[in-house]
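The structure appears below as structure tokens.
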Amino acid sequence: MNQKIIYTNSVGETVENLVAAMGSPKIFVITDRGAFVNALPLLRAQSPLIAEAVTVTIEQGDENKNIDSLGRIWKALGDSGATRSSVIVNVGGGVVTDIGGFAAATFKRGVRFINVPTTLLGAVDAAVGGKTGINFNGLKNEVGCFAEADTVIISTIFFNTLPQQQLLSGYAEMLKHGLLENSRAFSQLLGYSVVSPVFDSERLFDLLRNNVSIKKNIVDNDPTEHGLRRALNLGHTAGHAFESLAIEQHTPIPHGYAVARGLVVALVISRLRLGFPSDTLYQLAAYVKENYGPGHISCDDYPRLIELMSHDKKNPSPDSISFTLLHDVGDVETGCIIPVEEITAALDIYRDLMGLA
């Protein structure tokens, strides 16, 4: 992976230096309503270049990561004179870096871009690794491409503007990375509170460096997801189904909440199939129940959840459902084909662990 990752709270100065090194091309900012209000003013105060840039703003929320928003971005870039030598700066959470990266990768067959994630979820997940795309036909990230940002700038200066729900959403992906690394990394994450009244930003910065490096090491070895990178799908087979079902029911949930609940399902199946330690499963389940809540999943939802899982891009065929599982913390097995009966049993156990009637 050629993508550079810079950790700094001097975000504006860093953008200015990067653009100067690119020959000072015309830049465009892509953001959403939330980041426009809460994060962009901080960045504009640090960078005259950002303050003067053409800004394209989309509506907030994952439901707006769609073909209509993408079309509006393309049109705004064309109307404002963007060329292949321009640079796009994506300022926002995962929705912005996903759709902004896809817009950059496809406009005039490719424009350079910089990601400035303003949410914890964006910093540890969407902004790093080169996956871009949009939701389509009711399915998460159904259309997209691999396209790396020239640089990702990771900072904690924006996080004080985030509600606790968004901090927790990002922290779920950090927990996933900890489960993929080792027991020490996982325990460190469980021992830090991202939702305390005033979280320790310096400690979070250290955790972020270590956490992003886990993902970066995996992506470096498998940039287009043909093998090892599938480990990063831990929790996402069930998680994406939970997320899509919530959207269908007009009760959308943050991505990280869906992933946290999906991690529990994945570890239940890991316990049933691979002997994953029960104490670690119970530890995670208790943490998720306390911090993310159980969700509203009933037996009546099982058929639709399983149907949504069957549409997952990771499946080798339409009639098989693939999970990433763990033998133990840090011992991953990808491409596990799980029969419907076993998924149903895991959902039953999930509901028991979460205290759902």
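The values are calculated or read from the model by the stated rules, or taken from the named source; none is laboratory data. What you are looking at is a predicted structure, and each value in this text was computed from that prediction instead of being measured. As a convention, Cβ positions derive from the backbone with ideal geometry for all residues, glycine included, and neighbour counts pool all protein chains shown. The accessibility values were calculated without ligands, DNA or RNA, using every heavy atom of the protein model including side chains. Shrake-Rupley method; radii C 1.70, N 1.55, O 1.52, S 1.80 Å.
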Name the trypsin sites (Lys or Arg not before Pro) in the range 297-340 that are in a loop by DSSP and that have at most 16 other C-beta atoms within 10 Å, would you? 313
Can you send over the carbon and sulfur percentage of the accessible area for the range 21-154, probe radius 1.4 Å, protein chains only? 52 percent
Counting only the backbone N, which residues of the range 266-296 are under 16 Å from the spot 7 Å out from the Cα of residue 306 toward its beta-carbon? 269
For the range 250-357, the Rg and Dmax computed from alpha carbons only, in angstrom: 13.3, 37
Quick shape check on the range 9-118: root eigenvalues a ≥ b ≥ c of the Cα gyration tensor, a/c under 1.5 is rounded, otherwise prolate if a/b tops b/c, else oblate, and it reads oblate
Quick check: with the 1.4 Å probe, what order do 136, 36 take by accessible area, largest first? 136, 36
log10 of Debye I(q)/I(0), alpha-carbon scatterers only, for the range 38-102 at 0.11, 0.20, 0.28 Å⁻¹: -0.26, -0.87, -1.36
Relative contact order of the chain (C-alpha contacts under 8 Å, at least 6 apart) in percent is 14 percent
Listed residues 236, 327, 296; largest mean-square fluctuation, Gaussian network over the chain with Cα springs below 10 Å, found at 296
How much area per residue is accessible in the chain when the probe is 1.4 Å and only protein heavy atoms are counted (Å²)? 40 Å²
Starting from the coordinates of the alpha-carbon atoms of the chain, obtain the Kirkwood hydrodynamic radius over all distinct pairs and give the value in Å to one decimal. 20.5 Å
Ranked by GNM mean-square fluctuation in the chain (Cα springs under 10 Å), the top entry among 133, 71, 92 is 71
Amide H neighbours of residue 5 under 5 Å, at least 5 residues apart or on other chains, H built in the peptide plane: list them. 152
So which residue, out of 134, 27, 88, gets the largest mean-square fluctuation from a GNM of the chain using Cα contacts under 10 Å as springs? 27
The relative contact order of the range 256-344, taking Cα pairs under 8 Å that sit 6 or more residues apart, comes to a percentage of 29 percent
Work through the residues other than residue 294 whose Cβ is under 11 Å from its Cβ and net out their charges, Lys, Arg +1 and Asp, Glu -1. +1
Cross-link reach list, aspartates and glutamates versus residue 216, counting only Cα pairs under 14 Å and skipping chain neighbours closer than eight places: 125, 148, 173, 181, 225
Helix-only mean residue ellipticity at 222 nm for the chain, each DSSP H run of n ≥ 4 adding -39500 (n - 2.57), per residue, nearest 500: -15000 deg cm²/dmol
Whole-Å distance, taken between Cα centres, linking the range 149-184 and the range 283-314: 21 Å
Relative to the longest principal axis of the chain, what angle (0 to 90°, nearest 10) does the C-alpha long axis of helix 94-106 take? 60 degrees
Once the Cβ-Cβ distance between residue 184 and residue 22 is put in as r, and R0 is 51 Å, what FRET efficiency do you end up with, to the nearest 0.05? 0.80
Let me cross-check residue 106: its accessible surface, 1.4 Å probe, with only protein heavy atoms counted, in Å² to the nearest 10? 50 Å²
